Amino acid sequence: MRKFRIYLDKDKETAWLNEMSAQGWAAKSFFAGFYQFEACEKGEYVYQIDFGTKLFAASEDYREFMREAGIELVQTWGYWIILRKKASEGNFELYTDVPSRLAHYKKIRRMFKVVTIFELFCMLFELYLGFVNGVRLGLVSALLLGAIFVACMNMVIQLNDRIGQLQEQMDGIGRVRKRRTVSGLIVSGLLLNSLAIMIEDAAVHPVKWVLQIAAILLMLCGLVQTCRSRK
Amino acid sequence: MTDKDTPLTEAVYYILLALRKPNHGYGIIQEVERLTGGRVMLGAGTLYGAIQTLEKKMWIEIYSVDTASRKKKEYVITDRGRAAFEAERARLKELLRNAELMEELE
């Protein structure tokens, strides 16, 4: 059986793979959003997803280490490594203490930060192409890249929350949280927006547009973050 | 040794202890589980990360690899690792000694 899903959140992906396994479907490979499943006994495998250090590869050392612990490497994809272990062979958790969990999520956040910035630049470039050179396709790409940018940014925000909670656990006492009522993203969005207005007369048409759209995106993300933090 | 090295995390403390004699990955997990009566169960990711770090710090080293017979890679603590462990032990002793102050007021 084949299923198409796109997950940015590895915890949700792990939960889904384990749910599938509980229903008797074991994921055996992954390619660009397509998961290939084969029938298994209900709950035969427990899945976990690790974040490696190499793209689309795991070192022989890592493979050997996991094999020895009865863990099977299902698929590497990007930095992600899908692992599984037979439920009958005992508990399967990858990160069992706060410091290692913290390090794990920080690595993941770093990757998402890089991707977010990369997507932003790609989007701005496509916008430039679209408006200045009149490439209609550029605008379509820009829209798509904008959506990815927002999704990745959202992921960074969620990871910030998770890392914050872990940090509190590590310190032993809950910190008195500085409750910021308005997200910093809204502020930077507003600043960018006013910059766009200020240079309205001076700047060439497309530059203003690019700034304006970036400002709107920032403000939107900020709004989402603010609403979430107040929940 | 820098200040950052102590306190050791519980995982690192027990990994060093388990490597007082040569041991391999899964052996470390079992040894730590045994020593703590099942309280500390090291996850494969936690252990793998810790081994990489400790090897880089030269607190542990490879004891043997036998690729031909697919024998497991074994690690063992180094002198530097022992020094770090002893520094931690001294710190823990001090904590326990001072803990007795709590009974003073009675």
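Table for the structure above
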| quantity | calculated |
| --- | --- |
| Net charge dipole size for the protein assembly as shown [Lys, Arg +1 and Asp, Glu -1 on Cβ; Debye, nearest 20] | 680 debye |
| A:LEU195, B:LEU47, B:LEU101, reordered so the largest accessible area comes first (probe 1.4 Å) | B:LEU101, A:LEU195, B:LEU47 |
| B:GLU104-A:PHE118 FRET efficiency (beta carbon distance; Förster radius 41 Å; 0.05 resolution) | 0.10 |
| Angle in degrees between helix A:205-230 and the longest Cα principal axis of chain A, rounded to the nearest 10 | 50 degrees |
| Extended-chain gain in nm, criterion 0.36 nm per residue less alpha-carbon gap, A:LYS28 and A:ALA147 | 39.9 nm |
| Sulfur and carbon atoms: percent of accessible area, chain B [1.4 Å] | 53 percent |
| Simple spin-label estimate for A:LEU137 and B:GLU33 in nanometres, 7 Å along Cα-Cβ | 5.6 nm |
| Angle in degrees between helix A:10-22 and the longest Cα principal axis of chain A, rounded to the nearest 10 | 40 degrees |
| Value at 222 nm in deg cm²/dmol, rounded to 500, when DSSP H runs of n ≥ 4 in the protein assembly as shown each add -39,500 (n - 2.57) | -19000 deg cm²/dmol |
| Average Cα contact separation per residue, chain B, under 8 Å, 6 or more apart, as relative contact order % | 29 percent |
| Positive-pole candidate from A:GLY189, A:VAL115, A:LEU139, dipole of chain A, charges at beta carbon | A:GLY189 |
| Accessible surface buried once A binds B (1.4 Å probe; total of both sides; Å²) | 1400 Å² |
| Relative contact order (%) - criterion: Cα under 8 Å, at least six apart; region: chain A | 13 percent |
| Top of A:MET155, A:MET66, A:MET123 by mean-square fluctuation, Gaussian network on chain A, Cα under 10 Å | A:MET66 |
| Computed lengthening from B:LEU95 to B:THR6, 0.36 nm per intervening residue step minus Cα-Cα distance | 30.7 nm |
| Normalised contact order of segment A:45-154, rounded percent, pairs of Cα under 8 Å and 6 or more residues apart | 22 percent |
| Surface per residue (accessible, 1.4 Å probe) for the protein assembly as shown, Å² | 59 Å² |
| Lys pairs under 27 Å by Cα in segment A:27-137, provided they are eight or more residues apart or on distinct chains | 14 |
| Cα long-axis angle, helix A:184-198 against chain A (0 to 90 degrees, to the nearest 10) | 30 degrees |
| Computed P(r) (all Cα pairs; chain A; 5 Å bins; percent) | 1, 6, 10, 13, 14, 14, 12, 10, 8, 5, 3, 1, 1, 0, 0 |
| Percent accessible area from carbon and sulfur atoms, chain A, protein chains only, probe 1.4 Å | 62 percent |
| For segment A:9-93, alpha-carbon Rg and Dmax in angstrom | 12.2, 33 |
| Modelled FRET efficiency - R0 45 Å, B:ARG80 with A:ALA57, Cβ distances, 0.05 increments | 0.90 |
| Cross-link reach list, aspartates and glutamates versus B:LYS72, counting only Cα pairs under 16 Å and skipping chain neighbours closer than eight places | A:GLU60, A:ASP61, A:GLU64, A:GLU68, B:GLU31, B:GLU61 |
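The values are calculated or read from the model by the stated rules, or taken from the named source; none is laboratory data. Note that this is a predicted model, so its numbers are computed, not measured. For neighbour counting, all protein chains shown are included, and Cβ atoms are generated from backbone atoms with ideal geometry for every residue, glycine included. Ligands, DNA and RNA are stripped out before the accessible areas are found, and what is left, the full protein with its side chains, is counted by its heavy atoms. Shrake-Rupley method; radii C 1.70, N 1.55, O 1.52, S 1.80 Å.
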